[in-house]
Amino acid sequence: MAFHQGSALQKLVDDLQSTTCVCGRAKRSGESFCRTCYYTLPQKLRMRLYNRIGEGYAEAFEAAENYLREEGRI
């Protein structure tokens, strides 16, 4: 991620706690994305979002954001 590690961690926590998806739609707190964005992702990438923070979640979230950007969702 392009953030200092501390601020990157805080962004991940903030995104997880948020009720707004990166696309602007509503999502549940504790979920990475709204249902539409989540199911836009390839299954392998969706599974990676179940990794814990510090164990691959940050990389999966960044990859998911990039994928959604390429797909025109965000």
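Considering only residues that are farther than 14 Å from Ile74 by Cβ, in contact with a Lys or Arg (Cβ under 9 Å, 6 or more places away or on another chain) and either aliphatic (A, V, I, L, M) or not in a loop (DSSP other than H, G, I, E, B) (or both), which ones fall in region 1-56?
If the condition is that a residue be farther than 14 Å from Ile74 by Cβ, in contact with a Lys or Arg (Cβ under 9 Å, 6 or more places away or on another chain) and either aliphatic (A, V, I, L, M) or not in a loop (DSSP other than H, G, I, E, B) (or both), then Met1, Arg35, Tyr39 are the ones that fit.
Looking at the structure I just gave you, is Lys27 of a type in the set (Lys, Arg) and loosely packed, with under 11 Cβ neighbours inside 10 Å?
Considered against the rule, which asks whether it is of a type in the set (Lys, Arg) and loosely packed, with under 11 Cβ neighbours inside 10 Å, Lys27 comes out as no.
Here is a yes/no grid of residues against (1) of a type in the set (Ser, Thr, Tyr); (2) at pLDDT 95 or above; (3) touching a strand residue (DSSP E or B) at 6+ places or on another chain (Cβ under 8 Å):
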position	(1), (2), (3)
Phe3	no, no, no
Lys27	no, yes, yes
Phe33	no, yes, no
Cys37	no, yes, no
Leu41	no, yes, no
Met47	no, yes, no
Arg52	no, no, no
Glu59	no, yes, no
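Of the conditions (1) out of contact with any strand residue (DSSP E or B) (no Cβ under 8 Å at 6 or more places or on another chain); (2) modelled with pLDDT of 95 or more; (3) surrounded by 11 or more Cβ atoms within 10 Å (Cβ to Cβ), Asp15 fails just one. Which one is it?
Single failed check for Asp15: (2).
Confirm whether Gly72 is in contact with a helix residue (DSSP H, G or I) (Cβ under 7 Å, 6 or more places away or on another chain), small (Gly, Ala, Ser) and free of Cβ contacts under 8 Å to residues at least 40 places away in the same chain.
So Gly72 fails the test.
The values are calculated or read from the model by the stated rules, or taken from the named source; none is laboratory data. Just so it is clear, the model here is predicted, and its values are computed rather than measured. With ideal geometry, Cβ positions are generated from the backbone for all residues, glycine too; neighbour counts draw on all protein chains shown.
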